[in-house]
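S.K.: Next up is a structure, given as structure tokens.
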Amino acid sequence: MKGWLAALPVTFAAMLLCAAAPPVSFAPVDSRFAAASAEYEALWRADGSRIATLLEETSGLTFPAARIDVIVSEGSPMTTFDGRTIRLRAGYSPAYKKATLVHELGHRLALTLPSRGGLDDHRLLYLFLYDVWTDLYGRDFADRMVAIERRIPGPEDYEAAWTWALALTRDQRQARLRALRTRGDASDRPLDIAPGPPISRP
Ligand SMILES: [Zn+2]
């Protein structure tokens, strides 16, 4: 009993921290990326609490308590399948660093969905990423970051995923997320929610 009482304040403090933001560590792959790693870390110190809160509120999901290790290098940004490691790119502009940090943390959060509804990683993420970017840094910021991501080359079709997600209204994106969160069967059957009329965006 004594041990339990002694442990209580620490546990309570840890829970408070978890509610604000998951623990995140930052490390450069080597000393060439130390400055960029420090930039990401400063960004997390300044905005991490708001980023985590808005990601959780908008997605309706909760970050696991486990620490996330962020590694900074010149490799393409990515999040491992177990969600424990995120790689971020050193050479991005300050604005795109913010966008990418939120993007990869969003992937981490989306891993906790009980069902994907047949959606790929980016369609899932884009059900809340645009709205989180907008709430964090404004609509202009979100639109600029979407324009950059649409041009990312490679096997992932970012262009198609953004076009799909932004053809839905925010309410429709939220309805899709609600359906994915509440489907306990974890099946990958497609969701039968009709998308709204396409809307044009810059
Ligand atoms: Zn991604």
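S.K.: Which ³J(HN,Hα) values in Hz, rounded to whole numbers, follow from the phi angles of the range 48-57 under the Karplus curve 6.51 cos²θ - 1.76 cosθ + 1.60, where θ = phi - 60° and Gly and Pro get x?
M.R.: Coupling constants for the range 48-57: x, 5, 5, 4, 5, 4, 5, 4, 5, 5 Hz.
S.K.: From the phi angles alone, apply the Karplus equation (6.51, -1.76, 1.60; θ = phi - 60°) to the range 64-72 and give each ³J(HN,Hα) in whole Hz, x where the residue is Gly or Pro.
M.R.: The phi angles translate into x, 6, 4, 5, 10, 9, 9, 10, 10 Hz.
S.K.: Sticking with this one: Amide H of THR85 versus every other amide H placed in the peptide plane: which residues, excluding those fewer than 5 positions away on the same chain, fall under 5 Å?
M.R.: ASP69, THR80
S.K.: So who's got an amide H within less than 5 Å of the one on PHE26, skipping anything under 5 residues away but keeping other chains? H placed 1.01 Å off N, in plane.
M.R.: VAL70
Readers should treat all values here as calculations from the given coordinates under stated rules, not as data from a laboratory. Remember, predicted model here, so these are calculated numbers, not experimental data.
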